[in-house]
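One structure below.
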Amino acid sequence: MRSAVSLIAFQIFCLLTVSFSVASRRVVTRDKVWHPGAVGILAVDAEQVWLTRQPREVTGMTDSLEIPAGKLDVPGESPLACAKRELVEEIGMRAGSWSELNDFYSSAGFSDERVWLYLARELEPDHGGAQPEEDDRIEIVPWPLDRLRTIAPPRSSRELRAAHRR
């Protein structure tokens with residue numbers, strides 16, 4: 001990267017215009033969304049996978065069914081520490097076993113948001129219970145593992161929600 005110009009900064013991301021030197025010695029300019037990164041947690045015990053249902057107003061969804069997840073928004077916090085914090089905040093659980101499954105860029109064409117995906121096992125309730133942020137509206141959804149094997153993969157979280165309520 002040769003240069004970056006911040007166009008606007010928000011609480012959780014920043015919009016930049018960046019210039020890069022490419023192999024042909026040309027300079028190309030790209031718009032970029034800087035994001036601190038995020039984690040997702042596949043929390044599984046002997047009977048269920050733990051999910052959350054919450055509104056995602058930006059997408060127009062009133063109830064998105066998701067794995068517990070969150071932003072790397074604590075300065076200096078590692079992705080694993082963030083995952084542990086988010087598991088307690090969102091579903092009120094702690095895990096005795098953690099494995100990093102993968103990491104990926106959510107939208108590499110315009111954003112540097114990197115997401116670390118973890119498997120959390122040996123789950124136990126946290127003494128303080130779930131601790132969602134003030135404006136979060138999270139429903140905890142323990143999804144039976146035996147029901148995961150019997151349903152067709154949904155095309156959307158709305159279909160997953162409908163299958164759960166059957």
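Quick notes
- Principal-axis analysis of the Cα atoms of the chain puts helix 79-91 at an angle of about 40° to the longest axis.
- In summary, the convex hull built on the alpha carbon positions of the chain has an orientation-averaged projected area of 12.4 nm².
- Residues whose placed amide H lies under 5 Å from that of V141, excluding near-sequence neighbours: L51, T52, R53
- Backbone amide hydrogens, once placed in the peptide plane, bring G92 within less than 5 Å of A130, Q131, excluding anything fewer than 5 places away on its chain.
- Between S3 and S97, the distance separating the two model label sites (each 7 Å from Cα on the Cα→Cβ line) works out to 5.4 nm.
- About the Cα centre, charge dipole magnitude for the chain (Lys/Arg +1, Asp/Glu -1 at Cβ), debye: 940
- The stretch 66-110: translational diffusion in µm²/s, Stokes-Einstein, Kirkwood Rh over Cα pairs, 37 °C, 0.692 mPa s: 275
- Estimated [θ] at 222 nm from DSSP helical runs (n ≥ 4, -39500 (n - 2.57)) normalised by residues in the chain, nearest 500: -5000 deg cm²/dmol
- Net charge, W34 excluded, C-beta distance under 14 Å - Lys, Arg +1, Asp, Glu -1: 0
Throughout, read-outs are computed from the coordinates displayed, never taken from laboratory work. This one's a predicted model, so the numbers in the text were calculated from it and none came from an experiment. Every residue, glycine as well, gets a Cβ built from its backbone with ideal geometry; the counts of neighbours run over all protein chains shown.
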